[in-house]
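The next block holds one structure in the form of structure tokens; read it before the comments.
The values are calculated or read from the model by the stated rules, or taken from the named source; none is laboratory data. Fair warning: this is a prediction, and the values are worked out from it, not measured in the lab. Every residue, glycine as well, gets a Cβ built from its backbone with ideal geometry; the counts of neighbours run over all protein chains shown.
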Amino acid sequence: MALYLVQHGKSLPKEVDPDQGLSKEGISEVKRIADLAKQHSVKVSRIQHSGKTRARHTAEIFAEALGSGKSISERSGINPLDDVTTIAASLNAAENLMLVGHLPFMERLTSYLLTGSIEPLIFKFQNAGILCLDQDPNTFRWFIKWALMPNME
């Protein structure tokens, strides 16, 4: 089982789109990573996203690719500067949950789950990237299982 953390795709600047929806490049990268996840048989039971347009659109693309369309919902508490400890306390790898959100929240959540602290930076996310975490069934400690990033440089 797993927890999938996704940073939203690249978005349009506020001057072009006040809601900062996904750019063409952002849509393309999200679709590519979502298709790779499907090819690797990634299974999610539900997808939750922040209330921001770019996160919702990213979640919808993943849901379409992974066949999880009916399980998309907005979740409060995963905006860029929200407290990660609240969400961390509710997570369980057995759920196969995908969270689609923002920086610095996703990086802080990853650090917190792995070390118990939001610092130091443990994993550097990329727009449209997905990080898979899992829990050791004996210790319940989280660990990085794998990652798919648009730029493998």
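Looking at (1) at pLDDT 95 or above; (2) surrounded by fewer than 19 Cβ atoms within 10 Å (Cβ to Cβ), can you tell me which one Ser111 breaks? Of (1) at pLDDT 95 or above; (2) surrounded by fewer than 19 Cβ atoms within 10 Å (Cβ to Cβ), only one is false for Ser111: (2). Count of region 45-82 residues, restricted to those that are surrounded by fewer than 21 Cβ atoms within 10 Å (Cβ to Cβ) and among the hydrophobic types (A, V, I, L, M, F, W, C), is 4. The set of residues in region 30-66 that are assigned to a helix (DSSP H, G or I), more than 13 Å from the chain's Cα centre (by Cα) and not small (Gly, Ala, Ser) comprises Lys31, Arg32, Asp35, Leu36, Lys38, Gln39, Thr53, Glu64, Leu66. Selection of region 80-101 for residues being of a type in the set (D, E, K, R) and within 24 Å of Ala34 (Cα to Cα) yields only Glu95. Does region 124-131 include one or more residues that are of a type outside the set (S, T, N, Q), modelled with pLDDT of 95 or more and surrounded by fewer than 14 Cβ atoms within 10 Å (Cβ to Cβ)? For region 124-131, residues of a type outside the set (S, T, N, Q), modelled with pLDDT of 95 or more and surrounded by fewer than 14 Cβ atoms within 10 Å (Cβ to Cβ): present. The one condition from (1) surrounded by fewer than 21 Cβ atoms within 10 Å (Cβ to Cβ); (2) at pLDDT 95 or above that Glu29 does not meet is (1).
When region 88-108 is filtered for residues that are modelled with pLDDT under 95, in a helix (DSSP H, G or I) and among the hydrophobic types (A, V, I, L, M, F, W, C), the ones remaining, listed by number, are Ala93, Ala94. What are the pairs, 6+ residues apart or on separate chains, where a residue within region 116-143 that is more than 28 Å from Lys31 (Cβ to Cβ) has its Cβ under 8 Å from a residue that is of a type in the set (Ser, Thr, Tyr)? That search, which allows pairs on different chains as well, returns Ser117/Ser111; Ile118/Ser111; Ile118/Tyr112; Glu119/Ser111; Pro120/Ser111. Check whether at least one residue in region 33-40 is of a type in the set (Asp, Glu), surrounded by fewer than 16 Cβ atoms within 10 Å (Cβ to Cβ) and in contact (Cβ under 8 Å) with a residue 40 or more places away in the chain, and report yes or no. Within region 33-40, none of the residues are of a type in the set (Asp, Glu), surrounded by fewer than 16 Cβ atoms within 10 Å (Cβ to Cβ) and in contact (Cβ under 8 Å) with a residue 40 or more places away in the chain.
Of the residues that make up region 5-25, is at least one farther than 16 Å from Leu133 by Cβ, in a strand (DSSP E or B) and either without any contact (Cβ under 8 Å) to a residue 40 or more places away in the chain or aromatic (Phe, Trp, Tyr) (or both)? Yes, that holds for at least one residue.
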